[in-house]
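Below: the structure, in C-alpha cells.
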Amino acid sequence: MLHKVMHFNLNKMCFVQNIYQTCCYCATSNINNDVIQFFQHNLGLPENEVQRIVKKYPSFQNDSYSTLSDNLSLLMGFGFSKDDIIKKIQILTLHSITIKNYAMLLEEGGFTKHKIDSKAILRFKFISKKSIQSLKNENFIHKHIDVGHHILSFIQFPIELYPGNCDESLSWIQVQKNIFKLYVGWKIKMNMENIKYAQTIYHRLCNKSYRLMDRSIDILLNELNFTEEKIRRHSYLIHSDPDNTRAILDNFKNLCGIDTKLILSKHPKIIITPWNTIGQIRKHFEDFGIPESSILKAPEIYTLGSNTVYERLCKLKETPELASFINNPQVARLIYYHTKVNSRLKYLQSKNCVSLNLLVTNNYSFNRFNCNGNDKGKTNDIMIYLTKELGESKNKLRSLLERHPYWQYISLLTIRKSFEFLKKNNFTKDQLCHCSQILLYPVHKIKDALVITEKMKNVSYLRNTSGSIKSEYLLPLVLYNLEKDYHFSGDGVWNTNEKTKKIRLSDSPKAIFEDTEELDHEPSTKLL
C-alpha cells in the first residue's frame, strides 16, 4: 500500500514538473522582442542571458523598449554604472518616478554618494527602517550629519525654524516623516490633523523627495493659481511629479477644448496622470471619430489608463445599443461610467428604453425612474442623433415625430438601424426628413412594406419609365402600407406581441376587402 502511495506521489510530482518546464519554455520562447533588443543594444547581453533574466524576473515581459531605456538613462544620470545596474538588473522594472524619488530622498537624507546604488534603491524600505545611529555605524551616513537639518538644506526653509538636534535612536523614515510635518506645516499651513490623515491615506507621501515636493507645490501655487487651502484638500497633489505637471502644461495648451489650466484647476486629479497617457487618450478619441470637446462632459477620463479607454471605446462601438450614442456630446460619460453602464444596460434593454442619461445617471434618479414604472425613452438622444444625420433642427424633427402617438417609446437602436437601412437603399436625407415617422418602424417591416408598395395596383401614374414607383412618392406609400392593417392607429411600430397584437383584417368584424380602389390624387411627398 505504501509503495502504491509513493508511486502515485512520484507520478504526480513528475506531472507538475513537466507542466512547470513547459510553462518556463513558453515564457522564454515568447520573450518580448523589445526586451531582447534593449538588453542587447544597451547592455551588450547575449540572448541566452536575457532569457535567464526574464525567466527570473517575469515582470520584464510587461516593459517596453522606451520604458527600460528611460529608466536606464535616469539611473545613469544619478551616477549609476552599467555594471552596477546589471548586478541588480531588476531595478529597471521599477517605475521611473519611484527611482527618482528614492535616489533623491536618500541623497537629501544624508546618504553618502557611493552608498546610493542599485542595491540601496531596491532595499529602500528596509534601509529606511534602520535607526540613524545604525546607518552611521554602517557608513551609510557620515557621523557629523544631522539628518533633519540635511534634508531641509535642500529647500528654502527658514533656518530659524530648523528643529533641534536629531534623535539618532529614531529610524531614518521616522525622522523623514517628522521633517515632512514641519515642511508642509510651513509651506501650505497644514495642521497636524490633516497631515496625519494625508499620510494615512496617501502612503507615498512618506517617500517623496523634498526637492520634487517643493517644485510641485510652487507650480500649483504660482502657475495653476491653486490656493494653499485647495492643496490641503487635495493632499495627493503634494506627491505629484513636477516634471510631469510641467510636461502637461507645455504639451497641451488645451484639454477638452478649453484652457488646460482651467481643466486642471477644476479636476486636479488629472495632474497625477502621465502626460503621454493624456496624449494617447486624445489619440484614441480621434481614431474613433469622437471630438475631444466631448470629454468636457467627463474630464475624469484623463485619470484612466490609455489601454482602459481604448478597450471601453471598442466595447462601446461593438455594442449596438451603445454605438448609437457615439456622436452624442455626452458619449464620454459612457466611457467613464463603464461599469455602471454595463450593469444597467441589460435591464434597460428589457424595458426597451435604453437612454444615455439613464445609463449614467446617479442611483437616486435611476431608482426613481424605475419605481415610476415608466418605459419611455429619453427623446433627447433621438433628437441629437437625427439632427446630426439629417441636418435638420430639433424643433422641426420633433414636430414631425410628435405626430406619431408612440414615438417616445421607440428605442434609438431601432431608429438608427432603420435610418442606416434606408440610407443604404439610396433614400435622400430630405426624403427621410419629410417622412421621418418611417424611422420608428423596425427594418424587417420596412422591407416587407417596400415589396408590397412596389406591387401596388392602380398607381401607374406614380411610376417612372422603368416601372418603379418614383422615389419622391415611395416612402409616403410605404408608411401608408405599414399602418393600413392597423387602421392608422400607430400600432404598426410594434413587433409581434411587443405592445399590442397585430390586428388581422381576416379576424376583423368588418368585411374583407382588397385595396384596389384607384387613388384620385397624387400622394403627398410630405409626411402622411
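General observations
- Highest average first, the peptides 443-455, 105-117 ordered by how many other beta carbon atoms sit within 10 Å of their residues are 105-117, 443-455.
- Heavy atoms of K470 accessible to a 1.4 Å probe, total area in Å² rounded to 10: 70
- Ranked by how many other beta carbons lie within 10 Å on average, peptides 137-145, 433-441 from highest: 433-441, 137-145
- Given a 1.4 Å probe and the protein chains as shown, D287 ends up with an accessible area of around 90 Å².
- In terms of its C-alpha gyration tensor, segment 301-417 comes out oblate, because a/c is 1.5 or above while a/b does not outweigh b/c.
- Hydrodynamic estimate: the Kirkwood radius of segment 200-262 over Cα pairs, inserted into Stokes-Einstein at 20 °C and 1.002 mPa s, corresponds to D of 172 µm²/s.
- Note on K230 and F126: with the Förster distance fixed at 45 Å, the Cβ-Cβ geometry gives a FRET efficiency of about 0.80.
- Modelled FRET efficiency - R0 45 Å, E47 with S343, Cβ distances, 0.05 increments: 0.40
- Solvent exposure of the chain amounts to 53 Å² per residue of accessible area, where only protein heavy atoms count and the probe is 1.4 Å.
- Nearest-20 debye value, segment 182-269 charge dipole, Cβ charges on Lys, Arg, Asp, Glu: 200
- HN-Hα J in Hz across segment 226-235 - Karplus 6.51, -1.76, 1.60, θ = phi - 60°, x for Gly and Pro: 6, 7, 4, 5, 5, 5, 5, 5, 10, 5
- Trypsin sites (Lys or Arg not before Pro) within segment 240-326: DSSP coil, no more than 13 neighbouring Cβ in 10 Å: K253
- The listed peptides 58-69, 327-338, 92-103, ordered by packing as a protection proxy, come out as 327-338, 92-103, 58-69 (highest mean of other Cβ atoms within 10 Å first).
- Using a cutoff of 8 angstrom between alpha carbon atoms and counting only pairs six or more residues apart, the relative contact order for segment 60-188 works out to 23 percent.
- Which listed pairs, of K125/K189; K394/K447; K87/K115, have C-alpha distances above 21 Å, in listed order: K125/K189; K394/K447
- Distance between segment 107-132 and segment 263-313 - C-alpha centres, whole angstrom: 37
- Note on M190: accessible area approximately 10 square angstrom, rounded to 10, probe 1.4 Å, nucleic acids and ligands left out.
- Residue order for S468, S235 - accessible surface, 1.4 angstrom probe, largest first: S468, S235
- Note on segment 217-358: dipole from Cβ charges, positive end direction compared against P320, I258, L304; the farthest Cα belongs to P320.
- Accessible area per residue (1.4 Å probe, heavy atoms of protein chains only) ranks S153, S466 as S466, S153, with the largest value leading.
- Chymotrypsin sites (Phe, Trp or Tyr not before Pro) within segment 176-241, DSSP loop, no more than 16 other Cβ atoms inside 10 Å: Y202
- Protein accessible area in segment 230-312, 1.4 Å probe - carbon and sulfur %: 48
- Once the Cβ-Cβ distance of T308 and R403 is raised to the sixth power relative to R0 = 45 Å, the FRET efficiency obtained is 0.55.
- Taking θ as phi - 60° and the Karplus parameters 6.51, -1.76 and 1.60, the scalar couplings of segment 203-213 work out to 4, 5, 4, 6, 10, 9, 4, 5, 5, 5, 4 Hz in sequence order, x denoting glycine and proline.
- Computed Rg/Rh of segment 378-478, alpha carbon atoms with Kirkwood Rh: 0.99
- Over 29 Å between alpha carbons, listed pairs K340/K445; K208/K230; K136/K181: K340/K445
- Only one residue of N165, I290, S411 has its Cα farthest out toward the positive end of the dipole of the chain, where Lys and Arg carry +1 and Asp and Glu -1 on Cβ, and that residue is N165.
The values are calculated or read from the model by the stated rules, or taken from the named source; none is laboratory data. Since this is a predicted model, take the numbers as computed values, not measurements. Here the Cβ is made from the backbone with ideal geometry for all residues, glycine too, and neighbour counts use every protein chain on show. To get the accessible areas, we keep the full protein, side chains included, count just its heavy atoms, and leave off ligands, DNA and RNA. Shrake-Rupley method; radii C 1.70, N 1.55, O 1.52, S 1.80 Å.
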